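Since the structure comes first, as structure tokens, the remarks are kept for the end.
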Amino acid sequence: MIEAQRVVGAGSEMPEIFVGMDILELLSSSMYVNPLSIFREYVQNATDAIDDAVASGLLSSTDDGLIEINLDHIDRRVVIRDNGRGLSNRDFSVRMLSFGASEKRGTDARGFRGVGRLSGLGYVQQLVFRSRAKGDTKVLEAAWDGRAVKRMLASASNDVDLQTIVREAVTFKQLDPEDFPVHFFEVELIKPRRIANDRLLNELELEAFIGQVCPCPFSPEFSFGSEIAALLAPHGRAGKSYNIHINGAETPVYRPYRDEVVYSDAKKSALRSLKSFEIENIDGGIAAIGWLIHHDYHGMIPTSQGVRGLRARVGNIQIGNDRLFLEVFPEDRFCSWAIGEVHVLDARVVPNGRRDEFESNTHLDNIIAHLRPVGAEVARECRVSSQKRNRLKTFELSADKVYEKLGVIKQGAISDRYAKSMKAEIGTLLSEMQKAVNFELFEGEDRRALRGQLASIEKAVDAQTTRARGDIIENLPDHKRTIYKEVFDLIYDCSVNQVAAKSLIDRMLDRLSRK
């Protein structure tokens, strides 16, 4: 148990402080909803260690930093290793047995609560940490027995405290340094649980998660990447990215942004323009830097693309999910149409312990208030895009109907009265198409393309003669010719599908031509 300090002048002794075993469950499996969050915690610690290595001269820049994640499906092991500063032999045991006592608090490091280290404990049979710093002659190892922890947490005893579990579950060991780098830190997850498609050993899911959440570089296939990187570069850790490799892949994990959004095999949307913005804090400094990419706004972006939403990042690590800033949009649905990020720089806007939201305060409220115009802008773009799509749909449907009716007239089987009626309908359709072309939101190339299509259709209408196959009908006696045309008129009038009706009449005309 932890010895209590004596309260001077209180007239009585403070009782012993008892830290129960359940605190360990809260720090491990109960802390995170998504099991993959443990990788974010370990990558976050790795990036801080690489930054420390750069600051101390061990690495020349973050570009020399390396985070490796190796998945062993046969033995069911995961190893996450970085070439950062590492923990010295002197500090290793103390740091490994510290709970919520991070030395990073008060610095600009990404992690600062000192609890993420144990995030994997609830998911594995054994959780192992190894490290050494430059100049150390030994590699030290601390191993947590996950099964022993679970057994004791399941105990009905009220006398088991945190220290009892630690003494029972944690072992320290010295390893041969020749098998390890001169400075490093690594975490090994041994026998992780099989959770929902074996997520902790699923390379595809892991890469998608890390690409969205962790500070990875932008892909060379993302044309706006260098512009965004330049925007963030002056703002410390917000502009830093790190090389994270999974299973020895030659290329690092990239952020999921590319030059187009894929809605389906048949529908894609090109990214058109980048807009950056800056949010002031309540003291006149910079609270956040953000960017928004406008595209064609065809609808809700599929979750599988990994890019939808106005996402929040601190130290270039994502906080929450794509719906974190849902409230800044006039309608919830527009959040899933947006592509953008908000990099929070104000240290007073603090992620909560799970890093799925921010702690509520006036500084967060200030950022949200400034983001509402951004949400309104996205909503406007969505509505404009919807209106343009509706006009285009009207134009295309009208064009299809015009060609259908031209085909009927060209067939030469209908009466003059019915042909005149169809020509009037074609005129009405052309007027609707002209209105669509003149829609005020169409600009430049879009309007020119529509005008070109309309001119081509008008030319086809002007060139169309009243009859093309009239000789088949004209060869019939007058009374039969009149009857056939009335029958053909009735077929077209009563049919809901003029294409099918035309096909039927084509067969009838073909039969008549053989007589």
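Does Glu205 fit the bill of being within 30 Å of Thr251 (Cβ to Cβ), within 22 Å of the chain's Cα centre (by Cα) and without any contact (Cβ under 8 Å) to a residue 60 or more places away in the chain? No: the conditions fail for Glu205. With respect to Asp136, is the statement that it is open to solvent by less than 40 Å² (accessible area, probe 1.4 Å), acidic (Asp, Glu) and more than 36 Å from the chain's Cα centre (by Cα) true? Criteria met by Asp136. Conditions: (1) outside any loop (DSSP other than H, G, I, E, B); (2) over 18 Å from Ser37 (Cα atoms); (3) of a type in the set (Phe, Trp, Tyr). Phe209 meets all but one. Number of the miss? All conditions pass for Phe209, except number (2). Note on the stretch 146-190: residues that are touching a strand residue (DSSP E or B) at 6+ places or on another chain (Cβ under 7 Å) and closer than 21 Å to Val78 by Cβ amount to 14.
A single member of Phe185, Phe218 is among the aromatic types (Phe, Trp, Tyr), within 20 Å of Leu66 (Cα to Cα) and assigned to a loop (DSSP other than H, G, I, E, B), and it is Phe218. Checked against (1) over 30 Å from Asp72 (Cα atoms); (2) touching a Gly at 6+ places or on another chain (Cβ under 9 Å), Pro256 meets all criteria but (1). Tallying residues that are under 16 Å from Arg258 (Cα atoms) and in a strand (DSSP E or B) within the stretch 285-309 yields 5.
Residue-wise test of (1) of a type outside the set (Gly, Ala, Ser); (2) open to solvent by 10 Å² or more (accessible area, probe 1.4 Å); (3) at pLDDT below 95; (4) outside any loop (DSSP other than H, G, I, E, B).
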position	(1), (2), (3), (4)
Ile38	yes, no, yes, yes
Asn45	yes, yes, yes, yes
Ile50	yes, no, no, yes
Leu59	yes, yes, no, no
Asp63	yes, yes, yes, yes
Leu71	yes, yes, no, yes
Val79	yes, yes, no, yes
Ser98	no, yes, yes, no
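Any residue in the stretch 457-479 that is more than 25 Å from Lys420 (Cα to Cα), modelled with pLDDT of 85 or more, open to solvent by 50 Å² or more (accessible area, probe 1.4 Å) and among the charged types (D, E, K, R)? No: zero hits.
Residues that are loosely packed, with under 15 Cβ neighbours inside 10 Å and assigned to a loop (DSSP other than H, G, I, E, B) within the stretch 147-168 comprise Ala154, Ser155, Ala156, Ser157, Asn158, Asp159, listed in sequence order. Taken over the stretch 122-146, the criterion of being assigned to a strand (DSSP E or B) and in contact with a helix residue (DSSP H, G or I) (Cβ under 8 Å, 6 or more places away or on another chain) is satisfied by Gln126, Leu127, Phe129, Ser131, Arg132, Val139, Leu140, Ala142, Trp144, Asp145. Here is the figure for the stretch 224-241: residues that are surrounded by fewer than 20 Cβ atoms within 10 Å (Cβ to Cβ) and among the charged types (D, E, K, R) total 1. A single entry from Arg199, Arg194, Arg258 fulfils the requirement of being open to solvent by 10 Å² or more (accessible area, probe 1.4 Å), basic (Lys, Arg), free of Cβ contacts under 8 Å to residues at least 24 places away in the same chain and farther than 22 Å from Ile368 by Cα: Arg194.
Specify the residue that is farthest from Gly299 (Cα to Cα); the eligible residues are those in the stretch 329-362 that are part of a helix (DSSP H, G or I) and either open to solvent by less than 10 Å² (accessible area, probe 1.4 Å) or touching a strand residue (DSSP E or B) at 6+ places or on another chain (Cβ under 7 Å) (or both). So, considering only residues that are part of a helix (DSSP H, G or I) and either open to solvent by less than 10 Å² (accessible area, probe 1.4 Å) or touching a strand residue (DSSP E or B) at 6+ places or on another chain (Cβ under 7 Å) (or both), the one farthest from Gly299 (Cα to Cα) is Cys335.
Would a scan of the stretch 267-284 turn up a residue that is open to solvent by 40 Å² or more (accessible area, probe 1.4 Å), hydroxyl-bearing (Ser, Thr, Tyr) and part of a strand (DSSP E or B)? Yes, some residue in the stretch 267-284 is open to solvent by 40 Å² or more (accessible area, probe 1.4 Å), hydroxyl-bearing (Ser, Thr, Tyr) and part of a strand (DSSP E or B). From the list Tyr297, Tyr263, the lone residue that is closer than 30 Å to Ser386 by Cα, modelled with pLDDT under 95 and in contact with an Asp or Glu (Cβ under 8 Å, 6 or more places away or on another chain) is Tyr297. With respect to the conditions (1) in contact (Cβ under 8 Å) with a residue 60 or more places away in the chain; (2) under 23 Å from Phe99 (Cβ atoms); (3) surrounded by 20 or more Cβ atoms within 10 Å (Cβ to Cβ); (4) in contact with a Leu (Cβ under 7 Å, 6 or more places away or on another chain), Trp144 falls short on a single one, namely (1). Test Leu204 against the stated conditions and say whether it is over 20 Å from Asp48 (Cα atoms) and among the aliphatic types (A, V, I, L, M). For Leu204, the condition - over 20 Å from Asp48 (Cα atoms) and among the aliphatic types (A, V, I, L, M) - is met.
The values are calculated or read from the model by the stated rules, or taken from the named source; none is laboratory data. This one's a predicted model, so the numbers in the text were calculated from it and none came from an experiment. Every residue, glycine as well, gets a Cβ built from its backbone with ideal geometry; the counts of neighbours run over all protein chains shown. Surface accessibility is based on the protein's heavy atoms, side chains included, excluding ligands, DNA and RNA. Shrake-Rupley method; radii C 1.70, N 1.55, O 1.52, S 1.80 Å.
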